[in-house]
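Bear in mind these aren't lab numbers, they're just calculated from the coordinates by the rules spelled out. Quick caveat, the model's predicted, so the values are computed rather than measured. Positions of Cβ are generated from backbone atoms using ideal geometry, with glycine treated the same way; all protein chains shown enter the neighbour counts.
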Amino acid sequence: ITYLCLCVCVRNYPQIIQSQRFMNHKPNKILTVATTGLVIAIPMAKYLQVPVVYARKERSIVMADTFTASYSSKTVGQKRELLVSKNHITPEDRILIIDDFLSSGSSQEALLRIVSDAGAETVGIGVLLEKVYESGRKALSGYDVPVESLVRVASVSDGVMTLVEEEGFDDEEIRKK
């Protein structure tokens with residue numbers, strides 16, 4: 001599925017659609033998870049003209065003072081930590097959280113805690129693929145922030161992905177902007 005993410009993101013069309021969804025929330029920074037979220041976050045940041053801050057999964061030697069939040073990773077089957085340098089998020093920031101997948105919502109919740117610890121405001125969460133058969137959206141519902149996904153996966157069985165049918169976007173409207 002990571003290969004799918006890279007292929008879908010190559011032309012930046014999904015990032016433009018997602019950027020349009022959050023433009024009115026006026027984010028001044030995008031926060032994502034190192035490596036996996038960067039493929040989506042960087043083109044969105046370019047379109048929105050805002051910097052990208054990424055959370056690391058391991059402490060770098062140059063990271064002295066950090067915001068830290070733990071989460072349960074289904075991918076590796078254990079608790080992990082996300083770390084962001086305290087120099088990168090301030091109380092004045094309006095943060096848009098961007099990630100590749102929304103399944104349990106655990107990593108997005110960790111990013112929400114980091115933003116909260118910094119005293120900043122989260123203006124939205126955007127993901128490329130949402131596994132609607134998981135509890136991620138429900139887990140994030142208590143945070144009172146908009147959650148947008150480009151593709152909603154209803155199920156995966158025997159290597160076949162079934163998508164949630166949704167109304168399409170008006171391509172002409174997006175091209176005008």
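Coupling constants for the stretch 104-116 follow from the phi torsions by the Karplus curve (6.51 cos²θ - 1.76 cosθ + 1.60, θ = phi - 60°), and in residue order they are 7, x, 4, 5, 5, 5, 4, 5, 4, 5, 5, 4, 4 Hz; glycine and proline get x. Computed from backbone phi, the HN-Hα couplings of the stretch 29-40 come to 8, 10, 10, 9, 9, 3, 6, 5, x, 5, 4, 8 Hz, rounded to whole numbers (Karplus: 6.51 cos²θ - 1.76 cosθ + 1.60, θ = phi - 60°; Gly and Pro given as x). Oblate is the label for the stretch 55-105. Its Cα gyration tensor axes, ordered a ≥ b ≥ c, give a/c of at least 1.5 and b/c at or above a/b. Full extension of the chain segment joining Lys57 with Glu92 gains 10.1 nm, where the gain is 0.36 nm per residue of separation less the Cα-Cα distance.
Ranked by the mean number of other Cβ atoms within 10 Å per residue, highest first, peptides 34-41, 142-149 order as 34-41, 142-149. When you count the other C-beta atoms within 10 angstrom of each residue and take the mean per peptide, 151-160, 50-59 line up highest first as 50-59, 151-160.
For Tyr133, no residue has an amide H sitting under 5 Å from its own, ignoring neighbours fewer than 5 places away on the same chain, with H placed 1.01 Å from N. Less than 5 angstrom separates the built amide H of Val50 from none of the residues sequence-distant by 5 or more or on a different chain.
Amide H contacts of Ser149 (H built 1.01 Å from N, in plane; Pro and chain starts excluded): Val127 sit under 5 Å, all sequence-distant by 5 or more or on other chains.
Phi angles across the stretch 89-102 convert, under the Karplus curve 6.51 cos²θ - 1.76 cosθ + 1.60 with θ = phi - 60°, into 3J(HN,Hα) values of 10, 10, x, 7, 6, 10, 9, 9, 8, 10, 8, 7, 10, 10 Hz, Gly and Pro given as x.
Looking at the square roots a ≥ b ≥ c of the eigenvalues of the Cα gyration tensor of the stretch 58-159, which shape do they give, rounded for a/c under 1.5, prolate if a/b is larger than b/c, or oblate? Since a/c reaches 1.5 but b/c is at least a/b, the shape of the stretch 58-159 is classed as oblate. In terms of packing, defined here as the mean over residues of other Cβ atoms within 10 angstrom, the peptides 97-103, 129-135 line up highest first as 97-103, 129-135. Under 14 Å from a label point 7 Å along Cα→Cβ of Asp65: give me every residue in the stretch 108-129 with its amide N that close. Counting only backbone N, you get 118-119.
My understanding is that a pair violates if its Cα-Cα distance is over 25 Å; which of Lys26/Lys79; Lys29/Lys86; Lys29/Lys79; Lys86/Lys138; Lys29/Lys57; Lys57/Lys86 do that in this structure? Mind dumping the intermediate values first?
Working: Lys26/Lys79 33 Å; Lys29/Lys86 14 Å; Lys29/Lys79 27 Å; Lys86/Lys138 29 Å; Lys29/Lys57 19 Å; Lys57/Lys86 15 Å.
Over 25 Å apart, Cα to Cα: Lys26/Lys79; Lys29/Lys79; Lys86/Lys138.
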